[in-house]
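Read the figures in this text as sums done on the coordinates, not as results from a lab. Model, not experiment: these values are computed from the prediction. Please note: Cβ atoms are built from the backbone with ideal geometry, for glycine as well, and neighbour counts cover all protein chains shown.
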Amino acid sequence: MNYTLNNIPERTQKPRQSGLTMMMDKGLSLRETEDFLEIAGPHTDIVKLGWATSYVTPNLKEKLKLYRDAGMPTYFGGTLFEAFVIRDQFEDYRKVLDEFGMEYAEVSDGSIDIPHEEKCKFINELSKQVTVISEVGSKDAEKIFAPYKWIALMKAELEAGSWKLIAEAREGGNVGIYRDSGEVRQGLIDEILTQIPEEKIIWEAPLKNQQVWFIKLIGSNVNLGNISHSEVIPLETIRLGLRGDTFDYFLK
């Protein structure tokens, strides 16, 4: 940091297992990627190229090299995985991961229905090739799972080989672990945390009020995802009690 302040929450150090910030890249240019890494790279742990943006992104290999040279783990969004699976192209997907030198992959079923046993087989197969992050929850606001089902799905996916679990919210923060208003489903979160270790979950929290809620619940070192490239540094100040939303929270 640039100077000393007392009573600042202690952040875990990179590479870390908790306190992760996952940035969602929705289509940054090469120059924007360089600018992002220069200013926000120290506070970012992993980057997701949102949904299937990698399919249409120009200069994709050059962009991935920028992240790789900066030591920034990067992966393709789960919707791309689903796009391959629904077309019966899983083996092609594996070849794409190799072609682009990907060391991480996301397995999700938010847009299509995959029997959970089959999803776990995909996780297990991919875990032999890359580090797997699996997403639990649907992008369909009408599909609301009971807490016990979230817990059962999460446990099974960890056992199948997932490194981390993503709790679905979409980039809008209005499905999955949130109501359509963006309000957190507090009872659901409380239930999940009785059974699943907090460090294993990346909570998608694109909105500031959602980030604040999880930081106050779990602490500065909660894993948060779907963070906009322009919100990484603002999020870090929330984690450290240096923004009005958490200003006096860590002084107690």
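Quick notes on this one:
- Annotation: extensible slack from Tyr148 through Glu103 equals 13.0 nm (criterion: 0.36 nm per residue apart, minus Cα-Cα distance).
- Rounded, prolate or oblate (a/c below 1.5 giving rounded, otherwise prolate when a/b exceeds b/c) for region 1-151 by Cα gyration tensor: oblate
- Of the GluC sites (Glu not before Pro) found in region 163-252, those that fall in a DSSP loop while having at most 13 other beta-carbon atoms within 10 Å are Glu183.
- Working note: Karplus 6.51/-1.76/1.60 with θ = phi - 60° gives region 225-238 the couplings x, 6, 8, 4, 4, 7, 10, 5, 5, x, 4, 4, 5, 5 Hz, where Gly and Pro are set to x.
- The chain, relative contact order [Cα under 8 Å, separation at least 6], %: 21
- Over region 159-212, the reciprocal of the mean inverse Cα-Cα separation, the Kirkwood hydrodynamic radius, stands at 11.7 Å.
- Lysines with Cα under 29 Å of Lys119, excluding same-chain neighbours fewer than 8 positions away: Lys26, Lys48, Lys61, Lys95, Lys128, Lys139, Lys143, Lys149, Lys155, Lys164, Lys200
- Euclidean distance of C-alpha centroids, region 144-199 and region 1-76, integer Å: 23
- Globularity index of the chain is 0.98 (Cα radius of gyration / 2.2 N^0.38 Å, N = number of residues).
- Model label sites at Thr4 and Val56, defined 7 Å from Cα along the beta-carbon direction, differ in position by 5.2 nm.
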